[in-house]
1. From Ser236, Ser169, which residue is more than 33 Å from the chain's Cα centre (by Cα) and hydroxyl-bearing (Ser, Thr, Tyr)?
2. Quick check on Gln318: is it surrounded by fewer than 17 Cβ atoms within 10 Å (Cβ to Cβ), modelled with pLDDT under 85 and under 24 Å from the mean Cα position of the chain (by Cα)?
3. Criterion first (under 26 Å from Ser48 (Cβ atoms) and in contact with a Leu (Cβ under 8 Å, 6 or more places away or on another chain)) does Asp242 satisfy it?
4. Do you know which residues across the stretch 276-307 are outside any loop (DSSP other than H, G, I, E, B), of a type in the set (Asp, Glu) and either farther than 11 Å from Ala246 by Cβ or in contact (Cβ under 8 Å) with a residue 60 or more places away in the chain (or both)?
5. Name the pairs whose Cβ atoms lie under 7 Å apart, with the first residue in the stretch 366-390 and part of a helix (DSSP H, G or I) and surrounded by 11 or more Cβ atoms within 10 Å (Cβ to Cβ), the second at pLDDT below 90 and among the small types (Gly, Ala, Ser), and 6 or more positions between them or separate chains?
6. For the stretch 85-98, state whether one or more residues are in contact with a Ser or Thr (Cβ under 7 Å, 6 or more places away or on another chain), farther than 26 Å from Glu303 by Cα, modelled with pLDDT of 95 or more and not in a loop (DSSP other than H, G, I, E, B).
7. Give the number of residues within the stretch 253-275 that are among the charged types (D, E, K, R), assigned to a helix (DSSP H, G or I) and in contact with a helix residue (DSSP H, G or I) (Cβ under 9 Å, 6 or more places away or on another chain).
8. Considering only residues of the stretch 233-252 that are assigned to a loop (DSSP other than H, G, I, E, B) and surrounded by 13 or more Cβ atoms within 10 Å (Cβ to Cβ), which is modelled with the lowest pLDDT?
Amino acid sequence: MPLLALGINHKTAPVRIRERVAFPPERLEPALQDLVSCGGVREAAILSTCNRTELYCGLDRLDSLPIIDWLGHYHALHSGELQPYVYQYPDGSAVRHMLRVAAGLDSLILGEPQILGQVKSAYRSANIAGTLGKLLKRLFQHTFAVAKQVRTDTQIGASAVSVAFAAVSLTKQIFADLSRQTALLIGAGETIELAARHLHEHRLGCLIVANRTLERAHDLATQFGGYAIGLDEIPSHLAEADIVIASTASPTFILSRDQVKSSLMTRKRRPVLMIDLAVPRDIDPATSRLEDIYLYTVDDLQEIIADNMRSRQTAAQQAEEIVDVQVNHFMAWLRIQDGSVHIRALRQKAEAVRDEVYERALRQLQQGKNPQDVLHFLAHTLTSKLMHTPSVGLREASAQDRTELLEAIKTLYKLADN
């Protein structure tokens, strides 16, 4: 079965495109079921994060155009808008890509650990949707094992770098002493939790966590001596925040330009650093035009990230070597699956011949023929019938000087040279 990985990421597409093709968690299951109803798609999984949207598909035949059309149509995009940003990897290249993604080798932050959890979530969603078959199930399980091997055998995850870490590094560049600052974190997922942890380590003065689910916000805030509010309470507390870091799965803006402008009147020209780590974005981009507002998105963190990832380059080379070996292992398994189809056909043909000769021999015994003569008939006839077709093929190969076929037969049957 042909395999295809297709998508866009932070390297190929700007945030304005990525946010338009993102899949919120609650839309994944119906999207997957719609995708496998697309002609030629037998299995499918979707990985959708702030930095990438990728489709992994097992196909009847290798043709990416229907899938690109489906992705564009699903998000109300013309194929011409989407096509320039799309990459696609067939078969072994698709396997390599998934392994590299899960190991953090294709991430904005080299070696970042969050992506493996996101790949596992993509697997669970596809499993629940019923869109995984033998091929993708095996590929995901292989991917998880390889990602674990990379973490165990290399130092790629040794230094603390992540999008959250880069965001906090930026706050340190702007506010030298965080003990005098108040941070408002919007969301309560893993990225926000990492940001809270890093801010706490830098002795942040006050922490506010806003989330749609107040209980989750409270659990996170209390870990670091902060307090929790609901999303509807943000306007009442926005003026307190010197730092705002947002990362939710909301399909619409959490903070509007007017809300931010209103809070600035209370702050009396004290600057605010805003970092929007969400895709789709949580903070209206028009906010950046307000005086005393410094708004950054994930794309703006590239330079900080580059400084923090240099120590991982040697480990990444080691990880790439592991990936190379493991791609070969998976493709060998895949070739065995393809070969097993022919093996089953060969065995079924041999069993049909066996059954036919057995029935003839059994009838001879029932007719009272000598058992020794019947056994001789059985052995001779069975051997003749099983060898007839390959013998004819070998004679034709010899006559046509097809030495490669003759060598294959010698290898297959372990025939010695005479």
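The values are calculated or read from the model by the stated rules, or taken from the named source; none is laboratory data. Everything numeric here is computed off the predicted structure, so don't read it as measured data. Glycine also receives a Cβ, built like all others from the backbone with ideal geometry; neighbour counts cover every protein chain displayed.
1. Only one candidate qualifies: Ser236.
2. no
3. no
4. Scanning the stretch 276-307 gives Asp299, Asp300, Glu303, Asp307.
5. Once the first residue is part of a helix (DSSP H, G or I) and surrounded by 11 or more Cβ atoms within 10 Å (Cβ to Cβ) and sits in the stretch 366-390, its partners that are at pLDDT below 90 and among the small types (Gly, Ala, Ser) give Val374/Ala361; Phe377/Ala361; Leu378/Ala361; Leu386/Ala350.
6. yes
7. 3
8. Ala249
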